[in-house]
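Enquirer: Sending over a structure as structure tokens; questions will come in a sec.
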Amino acid sequence: AQVNITHDNSRVNAVLPSGESIEVLLHGATVTSWKDRAGNERLWLSDAAKLDGSKAVRGGIPLVFPVFGTAPDHEPTSKLPQHGFARNSRWDFLGKSTTESSGQTDASVKLDFGLSTATINDEAKKLWPFSFSLIYSVTLTPDALRTGIVITNDGDQPFEFQTLLHTYFRIGDITKVSVSGLEEAAYVDKVDGAKEKQQAGDVTIAGEVDRVYHPANPSTPVVISEGGESKFSIVRETLSDVVVWNPWIEKAQGMGDFEPKDGYKNMICVEAGSVKGFTKLEAGDAYSGEQVITV
Ligand code: BG6
């Protein structure tokens, strides 16, 4: 058996011989689906998510670049829409590579996507007039999903950026979820006046949560557990910050593309990124960061 890859104008699908699958929308290079071999979805995707390119996708893994949130006080990114233009741009599918295996149980597939100054629209170019290219690689193995970004400065002046892999994890019951690996980490609490705080113990969710963590040890895996059982383990390379977000009742009500309205009970965003301040990339230099999500 081989890896089965299909693609059309709007998306790429890949199914491993062992049954796991992914779907990536060219709009935003957004991973919109990651299923286990039994067909169970591992990512949360809103029933009202716009998949036609008219809006960033509510769910899956939107990619944030070159600004996290908005940065009205940071001149070079001040005009950009929330979370930048990458999640709202049409990416190119650059190609695939597969590793087959004799035992058919550990075949994997890597899909590559590209976005650059040459392919973004004029509107985005005007808002952020730097010369760049992005390569985004999505790798599926039977027990893991790896998503990595390489950012290159193709221009002749430095630029500054933030980036983040905005993963919406599907969970059964938010009240039973705990997130470990952030113990003792300093964080900015976006629902409490951006106060600086320190995490004590696991993160649990009992209301709106929107926090930017800066763990002291970036190599500690961040683990999402439900009912005491580990569901996802996230290991990061270079991406030193972790955002934890759940909109809870009112924020979910306020988002037109968030359905069902009680869907906040079935999702948690744990987002690996580089969002504390800005990263400066000199002309000709490249930056790479990735997350590996293991189940
Ligand atoms: C999170 C931010 O990463 O994304 C939140 O920390 C924000 O503040 C959330 O609300 C969703 O953003 P958006 O633009 O997709 O609605």
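Enquirer: Under a cut-off of 20 Å between alpha-carbon atoms, report the aspartates and glutamates in cross-link reach of Lys197, not counting same-chain residues fewer than 8 places apart.
Expert: Glu183, Glu184, Asp189, Glu208, Asp210, Asp241, Glu271
Enquirer: Please compute P(r) over all alpha-carbon pairs of region 38-164, binned at 5 Å starting from zero, and give each bin as a whole-number percent.
Expert: All Cα pairs considered, the percentages come to 2, 9, 17, 20, 19, 13, 9, 6, 3, 1, 0, 0.
Enquirer: Rank the residues Thr30, Thr204, Thr163 as a footprinting-exposure proxy: fewest other Cβ atoms within 10 Å of their Cβ go first.
Expert: Ranked by crowding around the Cβ, least crowded first: Thr204, Thr163, Thr30.
Enquirer: Here is a follow-up. Principal axis lengths of region 97-236 from Cα atoms, whole Å, largest first?
Expert: 53, 47, 26
Enquirer: May I ask for the percentage of alpha-carbon pairs in region 204-295 that lie more than 19 Å from each other?
Expert: That tail contains 52 percent of the Cα-Cα pairs.
Enquirer: If one computes the Cα centroid of region 203-268 and of region 37-53, what distance in Å separates the two points?
Expert: 17
Enquirer: Okay, moving on. Just to check, using Stokes-Einstein with a Kirkwood Rh over alpha carbon pairs, what's the diffusion coefficient of the chain at 4 °C and 1.567 mPa s in µm²/s?
Expert: Roughly 67 µm²/s, to the nearest whole number.
Enquirer: With the cut-off at 30 Å, tell me which of the pairs Lys96/Lys125; Lys35/Lys280; Lys190/Lys231; Lys50/Lys265; Lys55/Lys265; Lys50/Lys126 have Cα atoms farther apart than that.
Expert: Lys35/Lys280, as the Cα separations exceed 30 Å there.
Enquirer: Can you compute the charge dipole magnitude of the chain about its Cα centre, using +1 on each Lys and Arg Cβ and -1 on each Asp and Glu Cβ, nothing else charged? Give it in debye, rounded to the nearest 20.
Expert: Rounded to the nearest 20 debye, it is 380 debye.
Enquirer: I've got another one for you. What's the exposure ranking of Leu164, Leu94, going from fewest to most Cβ atoms within 10 Å?
Expert: Leu94, Leu164
Enquirer: At each listed q (0.18, 0.20, 0.22, 0.25 Å⁻¹), what is the log10 of I(q)/I(0) that the Debye formula gives for region 11-109 modelled as equal alpha-carbon point scatterers?
Expert: Debye output, listed in q order: -0.88, -1.00, -1.10, -1.24.
Enquirer: Order these peptides, 11-19, 63-71, 250-258, by their mean beta-carbon neighbour count within 10 angstrom, highest first.
Expert: 63-71, 11-19, 250-258
Laboratory data are not the source of any read-out in this text; all were calculated from the coordinates shown. What you see is a predicted model, and the numbers here were worked out from it, not measured in a lab. No Cβ is skipped: glycine too gets one built from the backbone with ideal geometry, and neighbour counts run over all protein chains shown.
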